[in-house]
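S.K.: Mind having a look at this structure? Questions to follow.
The values are calculated or read from the model by the stated rules, or taken from the named source; none is laboratory data. Keep in mind that what you see is a predicted model, and the values were worked out from it rather than measured. Positions of Cβ are generated from backbone atoms using ideal geometry, with glycine treated the same way; all protein chains shown enter the neighbour counts. To get the accessible areas, we keep the full protein, side chains included, count just its heavy atoms, and leave off ligands, DNA and RNA. Shrake-Rupley method; radii C 1.70, N 1.55, O 1.52, S 1.80 Å.
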Amino acid sequence: MGIFEFNPFIMYIALQHDLDHIQTLLSLTSEKALHYLSSLGETQTSNTTPVKIETSSLETEGKGLENTLESFYRTHGAHIVASSGPKYWGFVTGGTTPAAIAADWLSTVFDQNPQGLSGNGDLSARIEIETIGWMKELFGLPDAFNGGFVSGATMANFTCLAVGRQWGGLQKGNDIARTGLQTTIKVLSAMPHSSTLKSLSMLGIGSSNIIPVKTLPGNREAMDIEDLKACIQEYQEFPLLVVSSAGTVNTADFDDMEAIAALQKDFPFFWHIDAAFGGFAACSEKSKYLLKGWEQADSITVDCHKWMNVPYDSAIYLIHKKHSKLQMATFQNSNAPYLGDPESNFSYLNFGPENSRRLRALPAWFTLKAYGKKGYESIVENNLEHARLFAHLLEQTSPFVLAASVRLNIVCFTVKDQAEPKAFLDQVWLKLNQSGKLFLSPTVYNGQPCLRAAFVNWRTTEQDVTEGIEELKKTLQQTSEFPE
Ligand SMILES: *Cc1c(COP(=O)(O)O)cnc(C)c1O
């Protein structure tokens, strides 16, 4: 019997079937995807009926892709919300540009694993480096930063603060990457995002080592620089990381970057900027002043799945090249203490927290190529107008009042003259969610209950904003029918 007649390696029947019909099956999948996209404006922004999913047991045989698609839509189809749609203003939720979607699909199909510049036989690391270069140009940042893609701003903050931790240890002769944390590091911040606290926990620095810096008077979330200076002096015996906000989630407030940069000339500290969404303020002449001086930071986080409008699972870290050695010491994936010159023997394996990754840069590469600087300027400026219009209309809708002035793309508002403002806003929020037409998120700002709307979606139009206000008015009517 010849070897080709006897073949024990028979592909599993459902896999063989799907392989034989892959074109039809992927077309079917793409039809489903296109249906979702074309009805995004009408799809509910939250689950209007409670989700009750019965968990099932694992299939023994498996019925192939077509059946699985059907089964998925039967169980979960009705629960997919329009989070990438034009009226999803909760959290800071970006959408997906057409070019970014196409590239995300391709990235999955290619299934590359970006690592180094030599020896891997693929171009992914080059694509990632080129994309980082474009993003630095988009933001008007100098070439002085190394950058890479991680899954979100939380991981970008983690990555940057890990390098800050290594820097901090070395101030006391402690090579933390090798010998573990033997140094207490203090972190100075006024309004850190929750992910900064989480990163400090994961890094072993400890979230309780944050020293809260005062905010500016007058309903602000930005750091009081005089207090920052006082804290730096008070805690100077410790290695210090300063974490500043370029866009707080409640009111999109910005720390004074130039003032912090100036302090760095007199005091040693590692300066990280969380610019998860606020980094995109650099795309418009109208808002880029907010970031003046940020190029002097040691590291910067920018999310891509927010204002860049690429699908989830995308953010970048930018770390100053003067810290290349610290970055490699922190993320070294080889037994060699150093892999030599980072420029000539560069590998992402030694520069970031992950080893194998998807080609995460591709959606960003495509969307930047497809829409360019002008496209992003227009997305940002449109969203700024949406925030302004929404705030303006809201001010004419009693009992709503702005909780803070609109600095960028976020509108934070509350109610006046209500006996139970929290209960009132809870009702408004509940009714909104039951309508499924508009999504906002509740928050607490300055000790008062608030709702907030964040505009970062490229699809949002002026009409969406006026319709959003109409929805809010409807909920007001329904809410007033519920006496407290
Ligand atoms: C959203 C956000 C984060 C966390 O980002 P993920 O992408 O959810 O990990 C961090 N900081 C700020 C300021 C944010 O807005």
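S.K.: When the expected Rg is taken as 2.2 N^0.38 Å, what fraction or multiple of it is the alpha-carbon Rg of the chain? Present the calculation step by step, with values, prior to reporting the outcome.
M.R.: Values: Rg = 24.8 Å, N = 484, 2.2 N^0.38 = 23.0 Å.
Taking the Cα Rg and dividing by 2.2 N^0.38 Å, one obtains 1.08.
S.K.: Let me check I've understood the local charge: for Ser124, count other residues with C-beta under 12 angstrom from its C-beta, Lys and Arg +1, Asp and Glu -1. What total comes out?
M.R.: 0
S.K.: Where in segment 45-112 are there trypsin sites (Lys or Arg not before Pro) that are in a DSSP coil and have at most 12 other Cβ atoms within 10 angstrom of their Cβ?
M.R.: Filter output for segment 45-112: Lys52, Lys63.
S.K.: Rounded to the nearest 500, what is the 222 nm mean residue ellipticity of the chain from helices alone, with -39500 (n - 2.57) per DSSP H run of 4+ residues and division by all residues?
M.R.: Here the helix-only value at 222 nm equals -12500 deg cm²/dmol.
S.K.: Rounded to whole Å, give me the distance from the Cα center of segment 300-329 to that of segment 56-113.
M.R.: Taking the Cα centre of each part, segment 300-329 and segment 56-113 sit 25 Å apart.
S.K.: Further, regarding this structure: Quick one: grab the alpha carbon gyration tensor of segment 313-461, order the square roots of its eigenvalues as a ≥ b ≥ c, and give me rounded if a/c is under 1.5, else prolate or oblate depending on whether a/b is larger than b/c.
M.R.: The shape class here is prolate.
S.K.: Turning to a different aspect of this structure: Heavy-atom accessible area per residue, the chain, 1.4 Å probe: how many Å²?
M.R.: Per residue, the chain has an accessible area of 48 Å².
S.K.: What's the center-to-center distance, using Cα atoms, between segment 126-161 and segment 247-265 in Å?
M.R.: Here the answer is 19 Å between Cα centres.
S.K.: Next question, about the same structure. Report the residues of segment 450-481 in range of a label on Leu430: point 7 Å along Cα→C-beta, backbone N strictly under 20 Å from it.
M.R.: Residues 450-452, 471-481 qualify, since their backbone N sits under 20 Å from the label point.
S.K.: Okay, next question. Using a 1.4 Å probe on the protein chains only, how many percent of the accessible area of segment 99-367 belongs to carbon and sulfur? List each step's numbers first, then the result.
M.R.: On the way: 5240 of 10320 Å².
Here it works out to 51 percent.
S.K.: On a C-alpha basis, how far is the centre of segment 187-216 from the centre of segment 357-414 in Å? Whole number, if you could?
M.R.: If you average the Cα positions of each part, the centres end up 26 Å apart.
S.K.: List the trypsin sites (Lys or Arg not before Pro) in segment 346-450 that DSSP assigns to loop (not H, G, I, E or B) and whose Cβ has at most 15 other Cβ atoms within 10 Å. Which are they?
M.R.: Lys416
S.K.: For Ser56 and Lys322, calculate 0.36 nm times their separation in residues minus their Cα-Cα distance, and state this gained length in nm to one decimal. Spell out each step's value before the answer.
M.R.: Working: separation 266, 0.36 × 266 = 95.76 nm, distance 5.28 nm.
Roughly 90.5 nm would be gained on extension.
S.K.: Do the alpha carbons of any pairs in Lys32/Lys87; Lys325/Lys374; Lys136/Lys292; Lys288/Lys325 sit beyond 24 Å of each other, and which pairs?
M.R.: Lys325/Lys374; Lys288/Lys325
S.K.: Which loop-located GluC sites (Glu not before Pro) does segment 232-294 contain, where loop means any DSSP state but H, G, I, E or B and the Cβ has at most 11 other Cβ atoms within 10 Å?
M.R.: Those satisfying the criteria are Glu237, Glu285.
S.K.: Another question, if that's okay. Would you mind finding the longest exposed-site-free stretch of the chain, with exposed chymotrypsin sites (Phe, Trp or Tyr not before Pro) meaning DSSP loop and at most 13 other Cβ atoms within 10 Å?
M.R.: 13-484
S.K.: Can you run phi through the Karplus equation (6.51, -1.76, 1.60; θ = phi - 60°) for segment 166-174 and list ³J(HN,Hα) in whole Hz, with x for Gly and Pro?
M.R.: Going residue by residue, I get 4, 4, x, x, 5, 4, 10, x, 9 Hz, with x marking Gly and Pro.
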